[in-house]
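Visitor: Sharing a structure here in structure tokens format.
The values are calculated or read from the model by the stated rules, or taken from the named source; none is laboratory data. Just so we're clear, the structure is a prediction, and the values are computed from it rather than from any experiment. FYI the Cβ positions are ideal-geometry reconstructions off the backbone, even for glycines, and counts take in every protein chain you see. Surface areas here come from the heavy atoms of the whole protein model, side chains and all, with no ligands, DNA or RNA. Shrake-Rupley method; radii C 1.70, N 1.55, O 1.52, S 1.80 Å.
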Amino acid sequence: FLASLADFLAMVGGYEWHRKGVYIDALQDYIFPHFGVFPPTRQDYIQLMDNINVDRTTRQNPIRMMEIGIGSGVLSIILLQRKKVDRVIGTDINPYAIACAKANMQQFGFQEDLILADLFPPKAATTNEEKNRKVDVVLFNPPWIPGNAATWSDQ
């Protein structure tokens, strides 16, 4: 196995983020990013979750949200905990992100549908009637990456 110094340092950094976790003020708890998944160290945007409101007064069905690019799952976990949404379908192109979001969701007691997909899940991934219903909220918080990816780990 041969890796550049930059890739090696990225692996060590990813290990440390996962080992120590990242404290999320909105959750009053830690989440644990996996290697290859952006740790949610900047939390100023999390306040935007307060602006997501779906009228429950005339609803009979659960409020369903699709998060495109779920990453660590922190935004979905916050919305589920605050009972702003009832169900989440999360997609990500990164298999590490799907595994990371699944582990973090389980840590907080949620079992959501997490699917490896570029944007929206393929039709074959949604088999039962509940999964084929429309969603009420779509959340997309793409990672901000300054410049071009210089190393394998940046991709």
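Visitor: Just the residues that are open to solvent by less than 50 Å² (accessible area, probe 1.4 Å), free of Cβ contacts under 8 Å to residues at least 60 places away in the same chain and under 11 Å from residue 74 (Cα atoms), please, taken from segment 1-41.
Guide: Residues satisfying the conditions are 22, 24, 26, 39, 40.
Visitor: Among what's in segment 132-145 and is under 18 Å from residue 69 (Cα atoms) and modelled with pLDDT under 70, pick the residue that is farthest from the chain's Cα centre (by Cα).
Guide: Of everything passing the filter in segment 132-145, 145 is farthest from the chain's Cα centre (by Cα).
Visitor: Would you mind stating whether residue 114 is in a loop (DSSP other than H, G, I, E, B) and either in contact with a helix residue (DSSP H, G or I) (Cβ under 7 Å, 6 or more places away or on another chain) or under 19 Å from residue 135 (Cα atoms) (or both)?
Guide: No; evaluated as a whole, the condition is false for this residue.
Visitor: From the set of residues in segment 42-65 that are part of a loop (DSSP other than H, G, I, E, B) and in contact (Cβ under 8 Å) with a residue 12 or more places away in the chain, which is farthest from residue 20 (Cα to Cα)?
Guide: 61
Visitor: Would you mention how many residues in segment 66-95 are touching a Pro at 6+ places or on another chain (Cβ under 9 Å) and in contact (Cβ under 8 Å) with a residue 60 or more places away in the chain?
Guide: Result for segment 66-95: 5.
Visitor: Return yes when residue 81 is modelled with pLDDT under 85 and under 19 Å from residue 137 (Cβ atoms) and no when it is not.
Guide: no
Visitor: I need a count of the residues in segment 63-117 that are β-branched (Val, Ile, Thr) and open to solvent by 20 Å² or more (accessible area, probe 1.4 Å).
Guide: Counting residues in segment 63-117 that are β-branched (Val, Ile, Thr) and open to solvent by 20 Å² or more (accessible area, probe 1.4 Å) gives 3.
Visitor: Let me ask something else. Take the conditions touching an Asp or Glu at 6+ places or on another chain (Cβ under 9 Å) and assigned to a loop (DSSP other than H, G, I, E, B) and apply them to residue 71. Does it pass?
Guide: yes
Visitor: Follow-up question, since we're still on this one. Among the residues of segment 1-41, how many are among the small types (Gly, Ala, Ser) and either at pLDDT 95 or above or closer than 23 Å to residue 92 by Cβ (or both)?
Guide: 6
Visitor: Considering only residues that are touching a residue at least 12 places away in the same chain (Cβ under 8 Å) and outside any helix (DSSP H, G or I), which ones fall in segment 96-111?
Guide: 108, 110
Visitor: What is the one condition in (1) modelled with pLDDT under 80; (2) open to solvent by less than 90 Å² (accessible area, probe 1.4 Å); (3) out of contact with any helix residue (DSSP H, G or I) (no Cβ under 8 Å at 6 or more places or on another chain) that residue 154 does not satisfy?
Guide: (3)
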